Amino acid sequence: PAVIMTIHDANDRVLLAHASHFPRKRYSLLAGYLEPGESLESAVVRETLEEVQLRVTRVEYRGSQAWPFPRSLMLAFDAWVEGTPEPIVDGEEITEARFYSREELARAVADGDLLLPGEGSAARGMLEEWNGAPF
């Protein structure tokens with residue numbers, strides 16, 4: 001199983017990250033695989049800390065989706081960090097990460113500066129739910 005999370009800060013901005021294997025300008029939510037014996041919530045906390053050095057203070061389950069890569073299950077969560085911290089990336093697995101307000105994200109998408117996950121993906125659905133409308 002894998003977890004995927006919409007990470008919110010105190011200003012209700014959402015964190016998006018560019019993974020090194022993504023095409024140029026493609027950003028998505030953080031995600032990662034569970035480790036043996038790990039709870040889902042612990043995986044959300046661990047993956048967030050490992051990938052962007054942010055400490056999650058609250059986690060809420062949202063739902064699940066069959067995930068064909070590699071024949072697994074994707075479990076979706078909302079997660080919150082205190083305040084408005086700046087993510088720190090390792091430059092290898094995650095090359096960029098930042099929080100976006102609804103207005104900033106809509107503008108970046110409209111200007112072609114940022115490409116969102118594909119329609120029908122868990123990540124896209126989670127972002128559009130947070131946004132309150134499709135992009």
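The values are calculated or read from the model by the stated rules, or taken from the named source; none is laboratory data. Note that the coordinates shown come from a computational prediction; the quantities given were computed from them, not determined experimentally. Note that we place each Cβ from the backbone using ideal geometry, even for glycine, and neighbour counts take in every protein chain shown. Surface areas here come from the heavy atoms of the whole protein model, side chains and all, with no ligands, DNA or RNA. Shrake-Rupley method; radii C 1.70, N 1.55, O 1.52, S 1.80 Å.
Report in % the part of the accessible area of the stretch 1-58 that belongs to carbon and sulfur, leaving out ligands and nucleic acids; probe 1.4 Å. Numbers along the way, then the final one.
Values: 1400 of 2740 Å².
Solvent-exposed carbon and sulfur of the stretch 1-58 make up 51 percent of the total.
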**Request:** Answer with a single label: of (i) 7.7; (ii) 8.8; (iii) 9.6, which was calculated as mean projected area of the Cα convex hull in nm² from the structure in view?
**Result:** (i)
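Could you tell me the relative contact order of the stretch 59-135? Use alpha-carbon pairs under 8 Å, at least six residues apart, and round to a whole percent.
Working: 54 pairs, mean separation 14.3, N = 77.
In percent, rounded to a whole number, it is 19.
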**Prompt:** Alpha carbon centre of the stretch 16-40 versus the stretch 55-124: separation in Å?
**Reply:** 8 Å
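Only Lys, Arg, Asp and Glu count, each charged at its Cβ (+1, +1, -1, -1), so figure out the dipole size of the chain about its Cα centre, rounded to 20 debye.
Values: 13 positive and 23 negative charges, 72 e Å.
That gives the chain a dipole magnitude of about 340 debye.
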**Message:** How big is the dipole moment of the stretch 1-73 about its Cα centre under a simple scheme where the beta carbon of each Lys and Arg is +1, that of each Asp and Glu is -1, and everything else is neutral? Debye, nearest 20, please.
**Reply:** 380 debye
**Item:** Computed helical MRE - 222 nm, the chain, DSSP H runs ≥ 4 contributing -39500 (n - 2.57), nearest 500
**Value:** -7000 deg cm²/dmol
**Asked** Under 5 Å between amide H atoms, partner at least 5 residues away or on a different chain: which partners does Arg26 have, H built in plane at 1.01 Å?
**Response** Leu115
